[in-house]
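What follows is a set of notes on a single structure, which appears directly below.
The values are calculated or read from the model by the stated rules, or taken from the named source; none is laboratory data. None of these values were measured; they are calculated from a predicted model. All Cβ positions, even for glycine, are placed from backbone atoms using ideal geometry, and neighbour counts span all protein chains on display. The protein model used for the area step is the full one, side chains on, heavy atoms only, and it has no ligands, DNA or RNA in it. Shrake-Rupley method; radii C 1.70, N 1.55, O 1.52, S 1.80 Å.
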Amino acid sequence: MNFRDIGIYVHVPFCSNKCFYCDYSSVITKNKNMEKNYFEALLKEIKLYENPDLMVKTIYIGGGTPSHVSFDYIEEIKEQLENTFDLSHLEEFTIEMNPEDVKDEILANYKKIGVNRISVGIQSLDNNILKMVNRQNDAKTAKNAVNKIKKYFDNYNLDFILGLPGETIKSVEKNLNFISEKNPPHVSYYIYDNNHESVLNRMIKNKKISLPKYEMVEDFADLIYDYFEKNDYKRYEISSWAIFNKESLHNKIYWQNLEYIGFGVSAGGYYNSSRYVNTKNFSYYIKQVSEGKKPYDYYKKNDKKEDLIETLFMGLRLIDGISLKKIKDKYPEYFDVVVNFLKKDNFFIVDENVRLSKKGLDYSTSSFVKILELEDLIT
């Protein structure tokens with residue numbers, strides 16, 4: 001048999017409220033029938049990919065807010081995955097939680113079914129910021145949540161967002177002091193991106209709220225990067241730091257452009273050299289799956305050129321970048337064009353690996369625009 005390692009992503013789109021910055025596919029519902037119908041369809045979709053030769057390396061259940069729904073649904077998902085793929089070599093099983101959902105009982109239940117990593121959305125420890133972006137928890141709830149998580153799991157991630165409305169040097173220092181106190185094994189610290197459709201971005205456009213000045217956010221980012229560097233965290237991806245070898249195995253599957261299958265509305269996957277995204281429409285999703293069809297909104301088998309561009313896009317998020325040998329072995333016909341192009345630009349460093357320079361990391365969006373220019377050169 002030809003065994004292959006893959007990652008699994010499962011999308012749980014239900015939330016108790018909509019955070020204003022969120023642009024993910026999610027719904028606020030107390031409609032238990034809607035949840036029931038969705039999860040029934042989700043289990044059927046997983047079954048459509050049945051293949052005992054696929055060895056699952058990582059599982060990531062995200063959303064939405066997975067911790068908002070009944071544990072029974074999460075347990076059923078795990079059981080269906082066990083019946084569909086080979087989970088005997090599963091290394092990492094992550095589930096996302098919001099601070100207000102963190103309770104001893106649910107943590108114990110997650111651990112019972114094999115979850116070994118929690119990712120909790122902190123975003124900020126400033127109550128004023130939390131209120132402005134419609135978070136349901138306050139700073140005290142977040143602190144208590146992390147204390148509870150640490151009782152059950154030694155592998156967990158804290159998510160923060162830099163540059164939300166109301167951000168100040170004091171709010172950044174609160175976050176860094178909290179990180180210093182808790183010493184989490186993994187931290188993701190994202191800079192808020194206002195190029196996506198969200199409630200917050202509509203409020204900004206309508207001048208109901210404003211973001212901190214760009215130059216100020218740059219200064220705050222430098223402070224954050226300096227903190228991690230001085231406190232033995234390894235920055236291994238543009239927005240991620242880890243200690244104790246606790247890098248996210250699942251996210252590295254994305255960044256290394258390896259295979260993963262995504263289940264649920266709006267979930268994406270990269271499987272058999274094909275890129276796909278599921279429909280965002282709940283009714284259409286349930287209808288397609290009930291008819292035994294994969295609920296794609298987008299599906300395309302990559303040619304070699306597209307695969308190369310995606311490999312560069314994803315791999316350059318990693319601080320170590322991409323091995324030149326890997327590029328030469330997999331894309332020999334494009335190798336010289338790629339290397340010559342990247343060597344001419346100070347966003348990139350080319351030695352044994354191709355990676356972003358400090359300037360490239362500081363202006364990562366511009367760096368990735370450059371990759372699009374490279375696409376036009378490849379024939």
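Quick notes
- The peptide list 223-234, 346-357, put in order of mean Cβ contacts within 10 Å with the highest first, becomes 346-357, 223-234.
- Taking 0.36 nm per residue of separation and subtracting the current Cα-Cα distance, fully stretching the chain between E291 and N177 would add 35.8 nm.
- Amide H contacts for F348 (H built 1.01 Å from N in the peptide plane; partners 5 or more residues away or on another chain; cut-off under 5 Å): S357.
- Dipole moment magnitude, nearest 20 debye, segment 1-101 about Cα centre, only Lys, Arg, Asp, Glu C-beta charged: 380 debye
- Using the 1.4 Å probe convention, the accessible area of the chain works out to 47 Å² per residue with neighbouring protein chains retained.
- Separation in nanometres of the label points that stand 7 Å from Cα toward Cβ, at Y214 and D226: 2.2 nm
- Placed amide H near V27: partners under 5 Å, 5+ positions off or other chain: F14, C15
- HN-Hα J in Hz across segment 207-217 - Karplus 6.51, -1.76, 1.60, θ = phi - 60°, x for Gly and Pro: 6, 8, 7, 9, 8, x, 4, 4, 4, 5, 5
- Simple label model, 7 Å out from Cα along Cβ direction - F71 to T141, nm: 2.0 nm
- Placing R0 at 35 angstrom, the Cβ-Cβ distance between F313 and N281 gives a FRET efficiency of 0.80 after rounding to 0.05.
- In plain terms, the chain from I169 to D329 could stretch by 52.9 nm, reckoned as 0.36 nm per residue minus the Cα-Cα distance.
- Distances between placed amide hydrogens fall under 5 Å for G63 paired with V12, all partners being 5 or more residues away or on another chain.
- Taking the Cα centre of segment 143-241 as reference, the dipole from Cβ charges on Lys and Arg (+1) and Asp and Glu (-1) amounts to some 580 debye.
- Global size of segment 165-221: 13.6, 39 Å for Rg and Dmax (C-alpha atoms, Rg to one decimal, Dmax whole).
- Separation of alpha-carbon centers, segment 191-262 and segment 104-177, rounded to whole Å: 15 Å
- When the Cα positions of S367, F160, N245 are compared along the charge dipole of the chain, F160 comes out farthest toward the positive end, with charges on each C-beta of Lys, Arg, Asp and Glu.
- Estimated 222 nm signal from helices in the chain, with DSSP H stretches of n ≥ 4 weighted -39500 (n - 2.57), rounded to 500: -13000 deg cm²/dmol
- Beyond 29 Å in Cα-Cα separation lie the following of the pairs K30/K213; K174/K230; K78/K305; K325/K358: K30/K213; K78/K305.
- Segment 71-79 - phi-based ³J(HN,Hα) in whole Hz, Karplus 6.51/-1.76/1.60, Gly and Pro as x: 4, 4, 5, 5, 5, 5, 4, 4, 5
- Potential extension, K131-T379 segment - 0.36 nm per residue separation minus Cα distance: 84.2 nm
- For the chain, a crude dipole built from +1 on the beta carbon of Lys and Arg and -1 on the beta carbon of Asp and Glu, taken about the Cα centre, is about 760 debye to the nearest 20.
- When the P(r) is computed for the chain, the part past 35 Å accounts for 27% of the Cα-Cα pairs.
- Shape summary of segment 90-242, radius of gyration then Dmax from alpha carbon positions: 15.9, 48 Å.
- Square roots of 5 times each gyration tensor eigenvalue, C-alpha, segment 267-333, largest first, Å: 32, 13, 8
- A dipole drawn for segment 190-280 from +1 and -1 charges on Cβ atoms has a positive end, and of Y227, V217, Y271 the residue lying farthest that way is Y271.
- FRET E, pair K343, K301, Förster distance 45 Å, beta-carbon r, rounded to 0.05: 0.90
- Listed residue (A108, Y60, Q80) projecting farthest to the positive dipole end of the chain, Cβ model: A108
- The chain - percent of accessible surface contributed by carbon and sulfur, probe 1.4 Å: 48 percent
- All C-alpha pair distances within segment 307-360, sorted into 5 Å bins from zero, spread as 5, 22, 35, 29, 9, 1 percent across the bins.
- The largest-to-smallest principal axis extents of the Cα set in segment 56-173 are 49, 25, 24 Å.
- Peptides 159-168, 72-81, ordered by how many other C-beta atoms sit within 10 Å of their residues on average, highest first, read 159-168, 72-81.
- Pairs from the table (K330/K370; K36/K207; K18/K301; K208/K294) lying more than 32 angstrom apart at Cα are K36/K207; K18/K301; K208/K294.
- Cβ-Cβ FRET estimate between K359 and N194, R0 fixed at 22 Å, reported to 0.05: 0.50
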